[in-house]
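Here's the structure, in structure tokens; my notes come after.
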Amino acid sequence: MTNLHQAWRHFPSVRDLIVLVAVAERGGVSAAARTLGLAQPNVSRSLRRLEGDLRTELLTRSTRGTALTPAGTVVVDWARRVLEANHQLVAGARALAQSDAPLKIAASHTIAEDLLPRWLAALRAENPDVAVMLTVANSDEVGRLVSQGGVLGFLESPRLPHTLDVPSESRTVATDRLVVVVSPGHEWARRTRPVTRAELAATALVVREPGSGTRVSYEEAMSEFILATPTLELTGNAAVRVAVAAGAGPAVLSELAVQAAVASGELQAVMVEGLSVERPLRAVWATTPAPSSDVLRMVELAETSGRTAL
């Protein structure tokens, strides 16, 4: 889990990363300053501040100009990834604020948190003027909003929700799988053999709220067992991840929702014998009235991006 105090004191500014990438792409400080519309001394200060934050020499300076060090070349590549993530964050946040937008999207938590910002960024790259309103809800609520009309839904249930009660069309845009995660201090993190399905069923889990596609998928996959009463029931993947990391118990979540936490060591994935749950991530929309071209293009972009998302 990110140490927020250290992040506040030591993480570099996104604007400083933009300056570094501009220097790399334009071939020098003067050219980067012209591109960004900044005075050259301000660009130089930004670069020195970034080197101080990262405690790494990024540039060599001489009378012939400025060049990236070997470390600087690597950092530029990492910086581009941060800038892309920032671009996705801005696209997603602006969609949350566009209450009168012509393109209305309702997405389940897993898709909204882990995939939709990328899709929205791709849409805005094609059409910077498109206005989008995003509502984040569980799969049952997404079905209800689509049924009200004028909303493109993205959901993760193994089947279309019962709340979707109008003629509609759906398309699978990606495939996700469920994984069991625990805190590094949990006894399952030290096991050398897989957990059995019976053990998992008998264990009190931290779970998503009723109506969540993640929870529905897990319960259907374990339908032959009587499941233990959950230890916690929380709304959204982020809340479940925090609770698991704090030692509240295991959870079953989307691989998309936990891959960063597992990679960082905040959580540990656990093998479960005989449990393999894959589920489609779907776009769904009412067929009356006919969907707009923006809706159909958004589905196409999701489908294209979804193939490389997992």
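Condition first: modelled with pLDDT of 95 or more and among the basic types (Lys, Arg). Can you find one or more residues in the stretch 275-284 that meet it?
Checked against the condition, which is being modelled with pLDDT of 95 or more and among the basic types (Lys, Arg), the stretch 275-284 yields no hits at all.
Thr192 passes all but one of (1) polar (S, T, N, Q); (2) in the same structural domain as Gln259 (by TED's automatic domain parsing); (3) outside any loop (DSSP other than H, G, I, E, B); which number fails?
Against the list (1) polar (S, T, N, Q); (2) in the same structural domain as Gln259 (by TED's automatic domain parsing); (3) outside any loop (DSSP other than H, G, I, E, B), Thr192 comes up short only on (3).
Output the residue which, of all residues in the stretch 66-76 that are modelled with pLDDT of 85 or more and of a type in the set (S, T, N, Q), is surrounded by the fewest Cβ atoms within 10 Å (Cβ to Cβ).
Per the criteria, the residue is Thr73.
From (1) surrounded by 18 or more Cβ atoms within 10 Å (Cβ to Cβ); (2) over 30 Å from Ala243 (Cα atoms), pick out the condition that doesn't hold for Pro12.
(2)
Please enumerate the residues belonging to the stretch 195-204 that are more than 20 Å from Val262 (Cβ to Cβ) and either part of a loop (DSSP other than H, G, I, E, B) or in the same structural domain as Asn138 (by TED's automatic domain parsing) (or both).
Thr196, Ala204
Quick one: count up the residues across the stretch 22-61 that are crowded, with 20+ Cβ neighbours inside 10 Å and assigned to a loop (DSSP other than H, G, I, E, B).
Here the count works out to 1.
Out of (1) under 24 Å from Thr235 (Cα atoms); (2) not assigned by TED's automatic domain parsing to the domain that holds His109, the odd one out for Val272 is which?
(1)
Can you tell me how many residues within the stretch 77-120 are modelled with pLDDT under 85, in a helix (DSSP H, G or I), among the aliphatic types (A, V, I, L, M) and surrounded by 15 or more Cβ atoms within 10 Å (Cβ to Cβ)?
Qualifying residue count, the stretch 77-120: 2.
Yes or no: the stretch 85-100 includes at least one residue that is assigned by TED's automatic domain parsing to the domain that holds Gln148 and charged (D, E, K, R).
Scanning the stretch 85-100, I find at least one residue that is assigned by TED's automatic domain parsing to the domain that holds Gln148 and charged (D, E, K, R), so the answer is yes.
Restricting to the stretch 159-199, name every residue that is touching a strand residue (DSSP E or B) at 6+ places or on another chain (Cβ under 7 Å), surrounded by fewer than 18 Cβ atoms within 10 Å (Cβ to Cβ) and of a type in the set (Gly, Ala, Ser).
Within the stretch 159-199, Ser168, Ser170, Ala189 meet the criteria.
Looking for something more than 15 Å from Arg15 (Cβ to Cβ) and in contact with a strand residue (DSSP E or B) (Cβ under 6 Å, 6 or more places away or on another chain) - is there at least one such residue anywhere in the stretch 33-42?
Looking for residues that are more than 15 Å from Arg15 (Cβ to Cβ) and in contact with a strand residue (DSSP E or B) (Cβ under 6 Å, 6 or more places away or on another chain), one finds none in the stretch 33-42, hence no.
Taking the options Ala202, Ala248, name whichever one is more than 20 Å from Pro161 (Cβ to Cβ) and either in contact (Cβ under 8 Å) with a residue 40 or more places away in the chain or surrounded by 13 or more Cβ atoms within 10 Å (Cβ to Cβ) (or both).
Just one listed residue meets the conditions, Ala248.
Are any of the residues in the stretch 261-282 surrounded by 14 or more Cβ atoms within 10 Å (Cβ to Cβ) and closer than 17 Å to Leu120 by Cα?
Among the residues of the stretch 261-282, at least one is surrounded by 14 or more Cβ atoms within 10 Å (Cβ to Cβ) and closer than 17 Å to Leu120 by Cα, which makes the answer yes.
Scan the stretch 121-143 for residues that are assigned to a helix (DSSP H, G or I), within 18 Å of the chain's Cα centre (by Cα) and more than 20 Å from Thr175 (Cα to Cα) and jot them down.
Ala121, Leu123, Arg124
Have a look at Val166, Val216, Val180, Val207 and point out the one that is farther than 22 Å from Leu234 by Cβ and either in contact (Cβ under 8 Å) with a residue 60 or more places away in the chain or part of a strand (DSSP E or B) (or both).
After applying the criteria, what remains is Val166.
Can you give me the number of residues within the stretch 121-155 that are surrounded by fewer than 18 Cβ atoms within 10 Å (Cβ to Cβ), touching a residue at least 40 places away in the same chain (Cβ under 8 Å) and of a type in the set (D, E, K, R)?
Final tally of qualifying residues: 1.
The values are calculated or read from the model by the stated rules, or taken from the named source; none is laboratory data. What you see is a predicted model, and the numbers here were worked out from it, not measured in a lab. A quick note on method: Cβ atoms are made from the backbone with ideal geometry, for glycine too, and the neighbour counts reach across all protein chains shown.
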